[in-house]
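**Student:** Structure incoming, see below.
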Amino acid sequence: TFGFFDPLATDQGGYESLVSSFLKVAASHQLAQRGLAYSENPDVMLNFYLHSKEKIRSSSVPTAAGYYGYRDPFDYDPWPAYPAYETRVEQYTEGTLNIDVVDTKSKKLVWEGVVSGRVTRTDIENLEKTIDEAVAAIMAEYPGL
């Protein structure tokens, strides 16, 4: 059997957030598919942690700009000894979701699942679907089920 910590790490301000609600529904669905049932006196308890971080990625790519920019309308590259490069900078949000599974008798963490990746505007606009997919990806690694 399973249950949830109260309050969850994803809750703040003394109330259950929409994110927590979506996480509980998604996890309950995944665990029920694996034969586990919700209980007020569970064998294991789940907790969730969600974190996002702004990141910057830079890369150097060949380009025809700069000194060799006059060749731009033509279809040939500069002499290889003088390659032209430009630096491209991209800012994005990376999100990480952790699911902790704690044995209620020993009060020890027995399993942790993590997923992380780029968070897009579409992900935020479809938060329930995004959370369902993230929880499914994590729980696919849950051992013994």
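The values are calculated or read from the model by the stated rules, or taken from the named source; none is laboratory data. Not measured: the values here are computed from a predicted model. Cβ placement follows ideal geometry from the backbone for every residue including glycine, while neighbour counts extend to all protein chains displayed. Accessible surface areas use protein heavy atoms only, side chains included; no ligands, DNA or RNA. Shrake-Rupley method; radii C 1.70, N 1.55, O 1.52, S 1.80 Å.
**Student:** From the residues in the stretch 28-39 that are part of a loop (DSSP other than H, G, I, E, B) and without any contact (Cβ under 8 Å) to a residue 40 or more places away in the chain, which one is farthest from the chain's Cα centre (by Cα)?
**Tutor:** The extreme case among them is Ser39.
**Student:** Being under 15 Å from Val115 (Cβ atoms) and open to solvent by less than 50 Å² (accessible area, probe 1.4 Å) is the filter here; which residues of the stretch 25-53 pass it?
**Tutor:** Looking only at the stretch 25-53, we keep the residues that are under 15 Å from Val115 (Cβ atoms), and these are 26-27, 30, 46, 48-53.
If the condition is that a residue be under 15 Å from Val115 (Cβ atoms) and open to solvent by less than 50 Å² (accessible area, probe 1.4 Å), then Ala26, Ala27, Gln30, Leu46, Phe48 are the ones that fit.
**Student:** Determine which single condition Val114 fails, assuming it passes every other condition in (1) exposed (fewer than 15 other Cβ atoms within 10 Å of the Cβ); (2) at pLDDT below 95; (3) outside any helix (DSSP H, G or I).
**Tutor:** (2)
**Student:** Against the conditions (1) open to solvent by 50 Å² or more (accessible area, probe 1.4 Å); (2) under 14 Å from Thr130 (Cα atoms); (3) of a type in the set (A, V, I, L, M, F, W, C), where does Ile56 fall short? Just the number, please.
**Tutor:** Answer for Ile56: the failing condition is (2).
**Student:** Would you mention how many residues in the stretch 128-145 are assigned to a helix (DSSP H, G or I) and open to solvent by 60 Å² or more (accessible area, probe 1.4 Å)?
**Tutor:** Matching residues across the stretch 128-145 total 4.
**Student:** For the stretch 6-27, enumerate the residues that are over 16 Å from Leu97 (Cα atoms) and assigned to a loop (DSSP other than H, G, I, E, B).
**Tutor:** Within the stretch 6-27, Asp6, Pro7, Gly13, Gly14, Glu16 qualify.
**Student:** Could you give every pair whose Cβ atoms fall below 7 Å, whose first residue belongs to the stretch 97-108 and is free of Cβ contacts under 8 Å to residues at least 24 places away in the same chain, and whose second residue is assigned to a strand (DSSP E or B) and crowded, with 16+ Cβ neighbours inside 10 Å, counting only separations of at least 6 or pairs across chains?
**Tutor:** From the stretch 97-108, the pairs are Lys108/Val102.
For (1) closer than 21 Å to Ala140 by Cβ; (2) at pLDDT 70 or above; (3) in contact with an Asp or Glu (Cβ under 7 Å, 6 or more places away or on another chain), each residue gets a yes or a no:
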position	(1), (2), (3)
Arg34	yes, yes, no
Tyr38	yes, yes, no
Pro42	no, yes, no
Arg57	no, yes, yes
Gly66	no, no, no
Asp72	no, no, no
Pro78	no, no, no
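**Student:** Is there a residue in the stretch 8-24 that is in contact (Cβ under 8 Å) with a residue 60 or more places away in the chain and open to solvent by less than 30 Å² (accessible area, probe 1.4 Å)?
**Tutor:** Scanning the stretch 8-24, I find at least one residue that is in contact (Cβ under 8 Å) with a residue 60 or more places away in the chain and open to solvent by less than 30 Å² (accessible area, probe 1.4 Å), so the answer is yes.
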